[in-house]
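Notes follow the structure.
The values are calculated or read from the model by the stated rules, or taken from the named source; none is laboratory data. As the structure is a prediction and not an experimental result, all values here were calculated from the model. Note: ideal-geometry Cβ built from the backbone for every residue, glycine included; neighbour counts use all protein chains shown.
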Amino acid sequence: MAQTPAYIEPKNHYQILDGLRGVAALMVVAFHTLETFNGGSRFAQIINHGYLAVDFFFLLSGFVVAYAYDDRWVKMTQWEFYKRRLIRLQPMVIMGSIIGAIFFYFQGGATFPLIAQTPVWKMLLVMVVGFTLIPITPSMDIRGWQEMHPLNGPAWSLFFEYIANILYAVVFRRFSKTVLAVFVFLFACMLVHYTVMGPKGDVIGGWSVNEEQLNIGFTRLLFPFFAGMLLSRMGKLIHVKGAFLICSLMIIAIFSIPRIGDEHQLWMNGLYESFCIIVLFPLIVAIGAGGKLVGKTANSICKLLGDISYPIYITHYALIYTFTAWVGDNKIPLHSGIGMGVVLFLSSIAIAYACLKLYDEPVRNWLQKRFLAKRA
C-alpha cells in the first residue's frame, strides 16, 4: 500500500520567532561562557540575566505547540502527538548526552574532583540514562553540581518541556480560553511570589532532583508555557515594521541588564524578572509573530538561527564544563581567558551546525517516514 503523510500539511512557521529563538540561544552560550569569570557571585555576572532564556523558550514552546496542534486533535491521538514531539526533540537529547560523555574526562581537576573518582561504566550508565531524559538523583552525581543530567546540564529544561507537553495533551488542550486564563493568572501569582518573596530574588535553578529545585523548575515552567498557549489562542498579534530587529534588541537588553538591587534588596531583582517573564516576553512573542520579514537575506538569517537554536542549546554545555575546569583550575582572569571564550562560542556554533546537518535532520527525516506515515 502507498504511504501518505499522517496529517494534511505542515503549517507555516513563524520565521521571526525561529530567529528570536536562535538569538536567545546564542545569548545563552555567551552567558554561560562569561559566567565562568564571575567568581561565584551572581551580582558580578556579565550578561546577568541570560538564564531567563529558558523562560523565554518555555513561552515560545507553549505558543508554537498550541498553534501547531490545537486544531488537529480531531485527527490525532495523544500517542501521535507524543511521537511528533519525541521525533522533534529526542535525537538531539541523545546527541547532547553523547557529546557530554566524550568531553567528560577532559574536565577532571580541582573544579570537578568527582570526575577522577568516576569509573567509565558509571559515566556510560549516566550517558544512557541521559538518552531517556530520566533525571538522576544526587546520589548518582558524577560531577559535583548535583545536576539531574550531569553530562549535559541544560537537558533539565527538556525534562520540564516534556512534562509541559504531557500536561497540554492530557489536560490543558481541553480548556476554554477563560479557564486557561484563570490557570495562567494563578501561575503568574506563583511566579511573582517566588521571585519577589522568595529567598533568592531570581528564578535561577530547576536542574536538581530535590524539593527546592523541582519547585523552581515547575514555577519557571507553568506560567510561560501556558501563557504562550493562551497567547496563541487569543491571536492578538502586534504588527510593526522591523519586528525581528526590535525583538532581538529587546532580548539582548533584557538578558544584559545587570543584577538589580543588592543582597539586602533581593525583591527588586525578583520584580524585574517577573516583569520580564509576565509582560515583556509575551510582548516580544506577539510582536515577533505579527511581524513580517522583508527580503531573502532576512529570511535566510532567521531560518539559520532557528535551525541551530535547539542544537546549540542542547550541545554547547560540554564545552562550558571544559572551559569552566580550565579557568577554575588555572585561575584564569577574564582578560586572559576571553580569547578562548570566543573560540568556545564559535566552536559551539560549528558543532551545533554539524550535528544539525549530519545527524539531526537526517535522523528526524527517517523517523518521520518510519513512524509518521500511515497506509493510504
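Applying the criterion of being of a type outside the set (A, V, I, L, M, F, W, C) and in contact with a Lys or Arg (Cβ under 9 Å, 6 or more places away or on another chain) to the residues of the stretch 44-72, the residue that is modelled with the lowest pLDDT is 45.
Within the stretch 105-131, residues that are closer than 18 Å to residue 94 by Cα sit with their Cβ atoms under 6 Å from residues that are of a type in the set (Gly, Ala, Ser) and at pLDDT 95 or above, at 6+ positions apart or across chains, in these pairs: 127/97; 127/101; 130/97; 131/97.
With respect to (1) in a helix (DSSP H, G or I); (2) in contact with a Phe, Trp or Tyr (Cβ under 7 Å, 6 or more places away or on another chain), the lone exception for residue 216 is condition (2). A Cβ distance below 6 Å, combined with a sequence gap of six or more or placement on separate chains, defines the contacts here; from the stretch 156-172, residues that are in contact (Cβ under 8 Å) with a residue 60 or more places away in the chain and of a type in the set (Gly, Ala, Ser) reach residues that are part of a helix (DSSP H, G or I) and surrounded by fewer than 21 Cβ atoms within 10 Å (Cβ to Cβ) in the pairs 169/78; 169/81.
If I filter the stretch 166-177 for residues that are of a type in the set (Val, Ile, Thr) and touching a Leu at 6+ places or on another chain (Cβ under 9 Å), do I get at least one hit? Within the stretch 166-177, not a single residue is of a type in the set (Val, Ile, Thr) and touching a Leu at 6+ places or on another chain (Cβ under 9 Å).
With respect to being under 14 Å from the mean Cα position of the chain (by Cα), under 17 Å from residue 56 (Cα atoms) and either at pLDDT below 95 or not in a loop (DSSP other than H, G, I, E, B) (or both), residue 160 fits the description. Here the stretch 87-134 is the region considered, the condition is being of a type outside the set (A, V, I, L, M, F, W, C) and surrounded by 20 or more Cβ atoms within 10 Å (Cβ to Cβ), and the residue that is farthest from residue 352 (Cα to Cα) is 107. The condition (being under 21 Å from the mean Cα position of the chain (by Cα) and not charged (D, E, K, R)) is satisfied by just one residue among 284, 246, 260: 284.
Taking the stretch 173-193 as the range and being in contact (Cβ under 8 Å) with a residue 40 or more places away in the chain, within 30 Å of residue 45 (Cα to Cα) and not aliphatic (A, V, I, L, M) as the test, only 187 passes. If you go through the stretch 82-99 and keep only what is among the β-branched types (Val, Ile, Thr) and either at pLDDT below 95 or over 28 Å from residue 142 (Cβ atoms) (or both), you end up with just 87.
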